[in-house]
Amino acid sequence: MGATIGEEQVRHVAALARLALPEADVSRYARELDRILEHVARLQAIDTADIPLTSNALVVAGVLRPDEARPGLSGEDAVRNAPAQHAGMYQVPRVLDGA
Amino acid sequence: MSVGTVEQRYETVVGLEVHVELATRSKMFCSCPTDFGAPPNTQVCPVCLGLPGALPVPNARAIEYALRAALALGCEIDRECRWDRKNYHYPDLPKGYQITQYARPLARHGTLRYAGGDGERSVRIRRLHMEEDTGKSTHEGMPGGTTGVDLNRAGVPLIEIVSEPDIRGPEDARLYLQSLRTVLLYTRVSDVKMEEGSLRCDANVSLRPVGTQAYGALVEVKNMNSFRSVQRALEYEVHRQAAALDAGERIVRETRHWDEKRGVTFPSRSKEEAHDYRYFPEPDLGPCALTEAYVEQVRASLPEAPGARQARYERLGLPAHDAGVLVADPALALYFDRMLAGGAAPREGASLLTVELLGRLNALGVTVGESGCRVQPEQLAALQELVASGVISGKIAKDVLDEMVAGGADPQAVVARRGLQQISDDGAIVDAVRSAIAVNPQSVADFRAGKKQALGFLVGQVMKATKGKANPAKVNEILARELG
Amino acid sequence: MELYEWPAHRIHRGLVTGEVSAREVALATLDRIGQVESSVGAYLHLRPREDVLADADAVDAALRRGESLAAFGGVPVAIKDNMCCRLLPTTCASRILEGFHPPYDATAVTRLQGQRAVLLGNTNMDEFAMGSSTEHSAGGVTRNPWDLGRVPGGSSGGSAAAVAAGEAVVALGSDTGGSVRQPAAFCGVVGLKPTYGRVSRFGLVAFASSLDQIGPFGRDVRDVALLLGAVAGHDPADATSRPAEVPDFEAALVPDCRGLRLGVPREFLAAGVSPEVRAAIAAAVDLLVELGAEVQECSLPTVPYALDAYYVIAPAEASSNLARFEGVRFGRRAQGTSDYVEMFRRSRGEGFGPEVRRRIMLGTYALSAGYYDQYYGKAQQVRTLICREFEEALSGYAALVTPTAPSVAFGFAEKMDDPLQMYASDVCTVPINLAGLPAVSLPCGFSNGLPIGLQFIGRAFDEETILRLAYAYEQAADLRHRRPPIVAPRG
Ligand SMILES: [Mg+2]
Ligand SMILES: [Zn+2]
């Protein structure tokens, strides 16, 4: 089976996942992911026509909570773990309008 | 040179995606309050902050509200609708995904009917689903080059209502949106204020040469903050696309932002590569399990739809326009219905409400739905009955209403206390007429000399003497007899 | 038996009768930590000694006031570093969570604290629970108390090693694909993965939400049964936690297997399972028969594909669960970026270790446009088949018997260069997570002084049967008093 994931695709996936990937690592990732995907490709041999997906085997349906408001964290606790904050806001490098 | 107007040459195809904030007390998946305007990051908890290990639990009332809206729009309900994750990274999206409904939305296949520019319009609703809101980013008050993120709004319940591309132009888009707003107001699931962001609208616009069927390239327009700006933005976009097509250019599929001040749309400076939201089933939540009985119970609790209400008012004899004024505001329509139940005559009652009462309330800056309005619909109905049965004149009624608006008194009490009952008793009017004739010989002479306006002066004198309570028809009749 | 070796139920009896004080118990464990922690490296964060003793003193004071004592009152416990606790930092052994102090507690931790358990600290793990050896930790290695040159298994290697070495009486771990059972097997202790939904996941930092469960470690089956009972039960804060009644698990501990039909699925003994493991399982089966069980071979034909399905599903969910780590509200942020996209990319690139990055990439790819059906969709369909096969098998058998891991503990760095080899060590545990079923691992023999794990797989929400089997086997095999001979601290 030929390569299923190339270096270009590795860069694209890293961009989607917002992961900085040193250029030197790209080919290694491509190789590793390729090996895993090649193994996983064995799944294609199984006949799953008309078989539904199980996204969670034992999940409970229809669980809800009543619409009751309760105070959560204090403003102080809310930003206590933030790497940067200003005036109660989480502070991040500039986000452009319409971005 | 192109021949004909833009509208003659191109058909505009618009689909609207509308996000509506639901008026629940707590958020979609946690118990944080939803109050507007709190200091930043004070209505948050581990769940809506997306802290590690926190888990969502859906709000029962949010689902009920979404269901009300879906039923009011005539949708088919998926009683086992599911939750999905929509994955993308943005500073105001705490978990790096939004919990929404993708493959199995709550509702599909609805319809919105409304009065369009030229006749009845019917736009299909493709789907209505539930999701959570994001937080807000701001530069205001932040040190240079940085953005502040406030997550108070993150997790507020939303419904997204997606229309089919059945909308046929900028004005039609505005009418669709306004009529959608009215329907939602009746369901009482949201305050639907576009200016405050509880109703938000994105538009997909494309043009196609008249007579063709294929859709043109879609342009998504965002950031329209009022009904008027929706129309303006789409007008701009239609002309921009037409000019491009006329010049033989291709329309690129893109997202554009509406700039309200400059009156233009401009392409987003998005660094996002092609959107790939990697939707997949939310593993932290099971499917909804809405029973048929529950859906029917919610359906039965829905108020009369605006269209049906309009028709009912017209059947009661209201002019279409007057009926429309009442229907456009659910609080007003509800008030009017209570007046009808209190015995008010439809036409006269409607005018007493929309002209007299609303005029006075406007001056006070309140509306009928608010506590500042001290006149109950039953009281207004009683006032209208006092006029209809001749107890007071229409003129006196206005004075009585002034007092009711100021003090919340019953009209009967005001009339009795101030002795405002109309005088229809001949004896009392004859006395007043004779004394007016006796005191104003010059006017009597003028009248007899053929000066007809002298009669009006004498009527005025009689009315003055009876403090306006004399029945004007009777005064005219008796005066004519006495002078005759 | 030294005091630090006492199981929790023995400590409970000692406290209630006044034979020992909670302070003595805490001191015994703290001293043991002082002796061996530098060799084992089970913990990432230990609470200050005086805080631990203050908690113990509070238990003694309560006893003096005549208050009743819950099963874990005064018992020194450890938690894995992926369960939020206000008393400790929670880092998931990752640089990206450096210095994170959760402003809330995981429900399982709250329940233990409600019993007045004495919390010691949190234990080492593979970063974000992704690994089978605890080598993928930003906090250094944990060594297997039975052989300091070998791994303790993973990802809950620190919890397993702490219990094995006497550095905690019991501990909590989390099990997404075997992360409680495989280290329990490697470290010669008992570890249980409850039925999905049995224990609240609130406050457990998610790896793969549809597979994760918090599970107990103990040095004997009774402690594991008690600890499960202490943390189990419905939690309104977790929509996937089951509103089912929690049975008295201790009452299920009957020392025989009479009337139980057991299946031995042949796929779990296929190539890849070492001869000594095979031999130990065969001997265990013989003993179960002696104890009254009826044992038959059976087959779950799709199970050999479980690992492939797992290595699509778990990374797919993880890629989404780990999206929130971008340095905005908590955790580590890369310095010197002027635009938020760059800030996100670099914070995540620098903060996550290689295995976590690999799985995020794999999961992102499996969900991305054009590949969803081929990978994620296909894997979830195969999962359906696996669920059905388990259900069918367990309709005929009360439980299934398998090895926990295909081999005994392996050496450091043996599998680090080859992800596929590392993944293969989960081959016997992963299928159970896909089906959401409960399973317990306990020692069933030794090979060259290294423990071998026996696994019982039960029906959904029937932990009682597998605990009974484990208890009966444990009593008969009588291996539980064998303790690791931790050699003197290294150099
Ligand atoms: Mg949306
Ligand atoms: Zn919240």
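Key figures for this structure:
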{"quantity": "Cβ charges +1 (Lys, Arg) and -1 (Asp, Glu), total dipole of chain B, debye", "calculated": "840 debye"}
{"quantity": "The stretch B:6-294, relative contact order [Cα under 8 Å, separation at least 6], %", "calculated": "25 percent"}
{"quantity": "Pair B:His321, B:Glu220: separation of 7 Å Cα→Cβ label points (nm)", "calculated": "4.2 nm"}
{"quantity": "Protein accessible surface hidden between A and B, which excludes ligands and nucleic acids, total in Å², probe 1.4 Å", "calculated": "3900 Å²"}
{"quantity": "Most to least accessible of B:Arg127, A:Arg94 (protein chains only, probe 1.4 Å)", "calculated": "A:Arg94, B:Arg127"}
{"quantity": "For residues of C:314-322, the mean tally of beta carbons on other chains within 10 Å", "calculated": "5"}
{"quantity": "Over chain C, relative contact order from alpha-carbon pairs under 8 Å, at least 6 apart, %", "calculated": "18 percent"}
{"quantity": "Relative contact order %, chain B, counting alpha carbon pairs below 8 Å whose residues are six or more apart", "calculated": "13 percent"}
{"quantity": "Part-to-part distance (alpha-carbon centres) for the stretch B:61-104 and the stretch C:232-279, which is given in Å", "calculated": "37 Å"}
{"quantity": "Alpha-carbon centroid distance for the pair the stretch C:65-86 / the stretch A:26-92, whole angstrom", "calculated": "30 Å"}
{"quantity": "Pairwise FRET efficiency - B:His109 versus C:Leu287, Cβ, R0 = 60 Å, nearest 0.05", "calculated": "0.45"}
{"quantity": "Average accessible area per residue (Å²) across the stretch B:6-294 - probe 1.4 Å, nucleic acids and ligands excluded", "calculated": "38 Å²"}
{"quantity": "Portion, in percent, of the accessible area of the stretch B:6-294 that falls on carbon or sulfur, probe 1.4 Å", "calculated": "47 percent"}
{"quantity": "Size of electric dipole in the stretch C:104-186: Cβ of Lys, Arg +1 and of Asp, Glu -1, about Cα centre, debye, nearest 20", "calculated": "220 debye"}
{"quantity": "Label-to-label distance, nm, for residues given as B:Asp410 and C:Ala279 (7 Å Cα→Cβ offset)", "calculated": "10.2 nm"}
{"quantity": "Cβ neighbours within 10 Å from other chains - mean over B:89-101", "calculated": "5"}
{"quantity": "For the stretch C:181-195 and the stretch B:15-35, distance of Cα centres in Å", "calculated": "44 Å"}
{"quantity": "Listed residues C:Ala106, B:Ala173, C:Leu228: farthest to the positive end of the dipole of the protein assembly as shown (Cβ charges)", "calculated": "B:Ala173"}
{"quantity": "Dipole magnitude of the protein assembly as shown, debye to nearest 20 (Cβ charges: Lys/Arg +1, Asp/Glu -1, about Cα centre)", "calculated": "2360 debye"}
{"quantity": "Per-pair calculated FRET efficiency, R0 = 51 Å: B:Leu483 and B:Glu378 via Cβ, rounded to 0.05", "calculated": "0.70"}
{"quantity": "Qualifying chymotrypsin sites (Phe, Trp or Tyr not before Pro) for the stretch B:211-252 [loop in DSSP, other Cβ within 10 Å: at most 14]", "calculated": "B:Tyr215"}
{"quantity": "Three-way shape label, the stretch B:28-85, alpha-carbon gyration tensor, a/c 1.5", "calculated": "oblate"}
{"quantity": "Accessible surface, per residue, of the stretch B:426-483 when the full set of protein chains is kept, probe 1.4 Å, Å²", "calculated": "56 Å²"}
{"quantity": "Options B:Ala449, B:Ala409, C:Val75, ranked by Cα towards positive dipole end of the protein assembly as shown, top entry (Cβ charges)", "calculated": "B:Ala449"}
{"quantity": "Inter-chain Cβ neighbour average for residues B:286-292, partner chain, 10 Å", "calculated": "4"}
{"quantity": "Farthest toward positive dipole pole in chain B [+1 Lys/Arg, -1 Asp/Glu at C-beta], among B:His109, B:Cys48, B:Ala320", "calculated": "B:Ala320"}
{"quantity": "Total accessible area lost when C and B pair, probe 1.4 Å, Å² to nearest 100", "calculated": "2700 Å²"}
{"quantity": "Cα→Cβ-extended label distance, 7 Å offset, between B:Ala363 and B:Val295, nm", "calculated": "5.2 nm"}
{"quantity": "At least 20 Å² accessible surface lost relative to isolated chain, residues of the stretch B:10-31 (1.4 Å probe)", "calculated": "B:Arg25, B:Ser26, B:Ser31"}
{"quantity": "Highest average packing first - C:445-455, B:399-409, C:217-227, Cβ atoms within 10 Å", "calculated": "C:217-227, C:445-455, B:399-409"}
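The values are calculated or read from the model by the stated rules, or taken from the named source; none is laboratory data. On a predicted model such as this, the values are computed, not experimentally measured, just so you know. In this analysis, Cβ positions are derived from the backbone assuming ideal geometry, glycine residues included, and neighbour counts consider all displayed protein chains. Only protein heavy atoms, including side chains, enter the accessible area calculation; ligands, DNA and RNA are left aside. Shrake-Rupley method; radii C 1.70, N 1.55, O 1.52, S 1.80 Å.
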